[in-house]
1. Which entries of K102/K147; K105/K170; K79/K124; K106/K167 show an alpha-carbon separation above 20 angstrom in the structure shown?
2. Please report Rg (one decimal) and Dmax (integer) in Å for the Cα set of the range 92-173.
3. What is the sum of charges around K106, taking Lys and Arg as +1, Asp and Glu as -1, for the other residues whose C-beta is under 14 Å from the C-beta of K106?
4. Give me the accessible area per residue for the range 125-169, probe 1.4 Å, as a whole number in Å².
5. With label points built 7 Å along Cα→Cβ from the Cα atoms of N135 and E152, find their separation and express it in nm.
6. Could you look at the range 84-173 and say what percent of its accessible area is carbon and sulfur, using a 1.4 Å probe and all protein chains?
Amino acid sequence: MKTHLLVVAAMATTAKAFSVSNEQSARRQFLQTASAAVATTALAPRLAFAEVEVPAQSTDYTFPSDWGLTYNYEADASKVRAHMVIATGLAKGSDRMEDFGKNLKKEMIDFVSYYRRFPQVAGKPSFSTLYTSINVLAGHYTSYGYKYPLPEKRRKRLYQEYAEIDKSLKRNR
């Protein structure tokens, strides 16, 4: 709600700054226009990502048995995304967490290695966002190992990207 009010206020200030008035100097008009532009620019990134609920980390999960690629992009992207969502929600001390992480990292590497060769797939928004998410999660595994859960800030970003990937896949993009 605050965001909407700030956008409306910025638009009103912008409209007011462009109206001609004898009382206002050119400097004041410039400052109003610039402040409205800065406010709008500062808010735009927040509006791009809708608030995504970040679930609490859990040690309860079902270990997947469907590792590997089927070489059908939509099915593989959905499966890799689903496995990444599970990995992002795992808490420290989860059963078979290290095995899960190793299997997931292999699956992510296989996915990227296979699909980035095809320009019709590599140009899709779902692929580029999934590729970004894969880099974040693989980087975490490389730096911290498979036994350590993701920090809250990284989890929030990943859940936002997962929502974006899901939307893109539903639109066949």
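1. K105/K170; K106/K167, as the Cα separations exceed 20 Å there.
2. Reported Rg and Dmax, both Å: 13.6, 41.
3. -3
4. I get 47 Å² per residue for the range 125-169.
5. Using points 7 Å along Cα→Cβ, the separation is 2.7 nm.
6. With neighbouring chains kept in place, the figure for the range 84-173 is 50 percent.
The values are calculated or read from the model by the stated rules, or taken from the named source; none is laboratory data. Predicted model, so just to flag it, every value in this text is computed and none were measured. Cβ coordinates were reconstructed from backbone atoms using ideal geometry, including for glycine residues, and neighbour counts include every protein chain displayed. Ligands, DNA and RNA are excluded from the accessible area calculation, which covers all protein heavy atoms including side chains. Shrake-Rupley method; radii C 1.70, N 1.55, O 1.52, S 1.80 Å.
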